[in-house]
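Working notes, beginning with the structure itself.
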Amino acid sequence: MRDVYIIGAGMTRFGLYDGRHLPYKTIYELGAEACMAALDHAGISHRKIEAAFCGNGSAPPNCCQNITAPIGISGIPAFNHENGCAAGSCALKHGWETIANGMYDVALVIGADKWSRPPGMSQMTKLLAVPYGMNLNQDVAGAFGTALLALIANAHMNEYGTTKEQLAKISVKNKRNGAMNPYAQFQKEVTLEEVLNSRMISDPLTLLQCCPQSDGAAAVVICTGDIARQYTTKPVKIPFITESAGKYKGMEGSLSQFKCFQRASKMAYEACGIGPEDLDLVEVHDDFTSLELVAYEDLNLCPQGEGGRFIDEGLFDFGGKCVVSPSGGLLAKGHPIGATGVAQLVEIAWQLRGECGKRQVEGAKVGLAHNGGGVGDGYEPGAVTVTIATI
Amino acid sequence: MDKITKNIQLEEDQMLLREGIINFPSSPGEKPQLIAGQCEACGDIAFPKKIWCGKCDGKVMKDILLSNRGKLYAYTVVRQAVPGYEVPNILGVVKVPEDDELLIMAQIRECDLKDVFNGMEVETIITELYTDFLRNKKVIGYAFKPVTVN
Ligand SMILES: [Zn+2]
C-alpha cells in the first residue's frame, strides 16, 4: 500500500442556498465552488485529476460528473456514493483506496448536498417516498432519527446518571466553536439556558441540540507522496480509514453505546499505531448532542459512562485534553448530508496545516474524523467511518 | 407452535402495519402477541423476523410468539413527527423475557406523559398507530401500555 496525502482542501460556507437565507445556488454550483477552492488550495491544475469520487444524498444520478464538468474535469472515472450521512467519508475511503492500491495517483473527493431544494426531485416527493412500508421502526416511530437519538440519551442518562445539562453543554461548546468559523451555518454563541429552553423536539433533546437542515459542499485533493511533495511542504497524511456497518443486535441490548463506532475506531487506532491519547482534535458526527456524547466513549476519548463528567470539566474544549468539533461540528457548522464526511477532513487538513485562524488548535499534529450515517440492520448506523490524519 | 391467527377483520378505512408480525386474539380471553422469528439451527430470535439467520448459517426460521409482557428499557416523548402521527406521543424501547438483546421499538399508549419511567412493566396491545395519508387509511399495529394492577 502507498501512503496517501491531502494536498488541498476547500468548502463552501454551509447554510441554506435557497435565495432567502443565502443566494440561490444549485448543488452543482456548490460542488464546483468547493472543488475550485480545493484545487486552488493545492495549487494543482484541474487537468491533473485522474478520478473523482462524490458523496451525495439528494441529487439525481451522476452528481459527481455534473459538478466537475463545468470546471473542465470530464472523461475520467467518476464515482457517486450514497451512504446516508456517511456518504462523503465513504467516497473519501474509496478514493483513498484507489491511490493506496496504485490505481490512480491524483484524485478529487467531493461531498455535496442540497436539502433546501434538491434539483430534479422536490423534497416532498422524496419524503413521501420514504415513510411507509420500508422500515418497520420508521413506521412505528414516525420520527425515527431524532427519536432514536433521544432514546440513546435517555438510556445513557438512566445507566450512567448523565444529565440533560451535560448534554446541552455539548451544543454550547460546538456553537461557541462555530462562532469562530466563517464557513459555519450558525456563527453565534448560545447559552446553556437558551439550549435547555429551546423547543422540545424529542425529550430530552431540544431544538438547539439537533443539527439544522443544510446545503453545502466540500472537496479535497488526494495523491501519492511523490506528487504531494511537488505541491506543498505541508501534506496531510491519511494513514488509514476504516468503515463499519451496524449489525442486528450489534448493540447487545444496550442503547448507550454503539459497538460499530467502537469497532471502527479500534481498527483505525491499531492500523495507525495511534491511540486516543495522541489526538489533538476530533471531528465527530454530532448530528445530535447525544451522538457526540456516545462518540466520546466509543472512540475511547474517555471511559464508558464518563462523557458527562468530561464535558463538565471542559476536557473537550480548547485548552482541554482533546478539542472535539473545533469547526462547530454538525450542530453549528451545519449538516449537508453527503458533504459532511468530506468537510470534516477539510477542517482537519486546515487545522493540521495551521490555517484555522481564531479556532486554530495550537500545534495540532494528529486528528480524527468520525462520520456515521443512515440505518442499517437494527438500531446502529448503516455506515460509520473513522479517518485518521497526521502531519 | 401455538396457533397464529394472521387475519383480523379490518374496517374499510384501516390497513395493517405489516402482515405476519402480530398474533391477534381469536377469543376475548386471549392477549395479542408479537410474532418473532427463531433460527432452527442456533435459536437466535429476531423481530421483525429475518429470512436467513444473522448469527449462523441457518436458513430456516420458525415463527415464535413473544411474551405479551415486557419492561420499558428507554423512552422519549416525540413532539414532532412526520404527518399522520399524533404528537406528543411516548416512544419506547421494550425488552421481552425471551432475549435480553432484543430491543423492540414501540409507541407507549394509555400512559400519561408524566407517569412513564425506565423499567415500567408494559404489555402488548393492538391499536391505530398513524394515518397513511397516501392511501388515506388508518394503520393498525402493535404498541405497549403500562400493566395495570387490579
Ligand atoms: Zn442461527
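Just one of the numbered conditions (1) within 26 Å of A:A100 (Cβ to Cβ); (2) touching a strand residue (DSSP E or B) at 6+ places or on another chain (Cβ under 8 Å) is not true of A:L301: (1). For the structure I just gave you, tell me whether B:E19 is within 16 Å of the ligand (Cβ to nearest atom) and within 12 Å of chain A (Cβ to nearest Cβ). Answer is no for this residue. Selection of helices (runs of 4 or more DSSP H) fully inside segment A:204-320 by the criterion of at least 3 residues being over 23 Å from A:G88 (Cα atoms) returns A:225-231, A:307-312. Of all residues in segment B:25-53, count the ones that are surrounded by fewer than 16 Cβ atoms within 10 Å (Cβ to Cβ) and within 13 Å of the ligand (Cβ to nearest atom). So the count comes out to 6.
Would you be able to say whether some residue in segment B:22-33 is under 25 Å from A:N158 (Cβ atoms) and within 13 Å of chain A (Cβ to nearest Cβ)? No - not one qualifying residue is present in segment B:22-33. Against the list (1) more than 16 Å from the ligand (Cβ to nearest atom); (2) loosely packed, with under 15 Cβ neighbours inside 10 Å, the condition B:L66 fails is (2).
Are any of the residues in segment A:10-20 in the same structural domain as A:G225 (by TED's automatic domain parsing), buried (at least 24 other Cβ atoms within 10 Å of the Cβ) and of a type in the set (A, V, I, L, M, F, W, C)? Within segment A:10-20 (the criterion being in the same structural domain as A:G225 (by TED's automatic domain parsing), buried (at least 24 other Cβ atoms within 10 Å of the Cβ) and of a type in the set (A, V, I, L, M, F, W, C)), the answer is yes, since at least one residue qualifies. Restricting the first member to segment B:136-150 and to residues that are part of a loop (DSSP other than H, G, I, E, B), and the second to residues that are open to solvent by less than 10 Å² (accessible area, probe 1.4 Å), the beta-carbon pairs closer than 8 Å and six or more apart or on different chains are B:V147/B:V122. The set of residues from segment A:11-35 being touching a Gly at 6+ places or on another chain (Cβ under 7 Å), over 22 Å from A:G354 (Cβ atoms) and hydrophobic (A, V, I, L, M, F, W, C) comprises A:F14, A:L22, A:L30. Residues considered: A:T232, A:T163. Of these, the only one that is more than 30 Å from A:V346 (Cα to Cα), more than 13 Å from chain B (Cβ to nearest Cβ) and in contact (Cβ under 8 Å) with a residue 40 or more places away in the chain is A:T163. Within segment A:242-264, one or more residues are at positive phi and open to solvent by 60 Å² or more (accessible area, probe 1.4 Å). B:N89 - would you say it is open to solvent by less than 10 Å² (accessible area, probe 1.4 Å) and of a type outside the set (A, V, I, L, M, F, W, C)? Considered against the rule, which asks whether it is open to solvent by less than 10 Å² (accessible area, probe 1.4 Å) and of a type outside the set (A, V, I, L, M, F, W, C), B:N89 comes out as no. B:G70 fulfils the conditions (1) modelled with pLDDT of 95 or more; (2) more than 9 Å from chain A (Cβ to nearest Cβ); (3) assigned to a loop (DSSP other than H, G, I, E, B) except for a single criterion, (3).
Within segment A:130-159, the residues that satisfy the criterion of being within 7 Å of chain B (Cβ to nearest Cβ), hydrophobic (A, V, I, L, M, F, W, C) and farther than 14 Å from A:S290 by Cα are A:L136, A:V140, A:A141, A:A143.
Residue by residue, here is whether (1) modelled with pLDDT of 95 or more; (2) closer than 16 Å to B:F47 by Cα holds:
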| residue | (1), (2) |
| --- | --- |
| B:Q80 | no, no |
| B:I90 | yes, no |
| B:M105 | yes, yes |
| B:I108 | yes, no |
| B:N118 | yes, no |
| B:A143 | yes, yes |
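Please go through segment B:97-122 and give me each residue that is within 11 Å of the chain's Cα centre (by Cα) and in a loop (DSSP other than H, G, I, E, B), ordered by number. Of everything in segment B:97-122, just one residue is within 11 Å of the chain's Cα centre (by Cα) and in a loop (DSSP other than H, G, I, E, B), namely B:L103. Within segment A:15-66, the set of residues being at pLDDT below 95 and small (G, A, S) comprises A:G19, A:G57, A:S58, A:A59. When segment B:92-107 is limited to residues that are within 16 Å of the ligand (Cβ to nearest atom) and surrounded by fewer than 20 Cβ atoms within 10 Å (Cβ to Cβ), the one that is farthest from the other protein chains (Cβ to nearest Cβ) turns out to be B:E98.
Count of segment A:47-92 residues, restricted to those that are open to solvent by 50 Å² or more (accessible area, probe 1.4 Å) and in a helix (DSSP H, G or I), is 6.
Once segment B:108-135 is narrowed to residues that are polar (S, T, N, Q) and open to solvent by 10 Å² or more (accessible area, probe 1.4 Å), the residue that is nearest to the other protein chains (Cβ to nearest Cβ) is B:N118.
The values are calculated or read from the model by the stated rules, or taken from the named source; none is laboratory data. Everything numeric in this text was worked out from a predicted model, so none of it was measured. Here the Cβ is made from the backbone with ideal geometry for all residues, glycine too, and neighbour counts use every protein chain on show. Heavy atoms of the whole protein, side chains included, go into the accessibility calculation; ligands, DNA and RNA do not. Shrake-Rupley method; radii C 1.70, N 1.55, O 1.52, S 1.80 Å.
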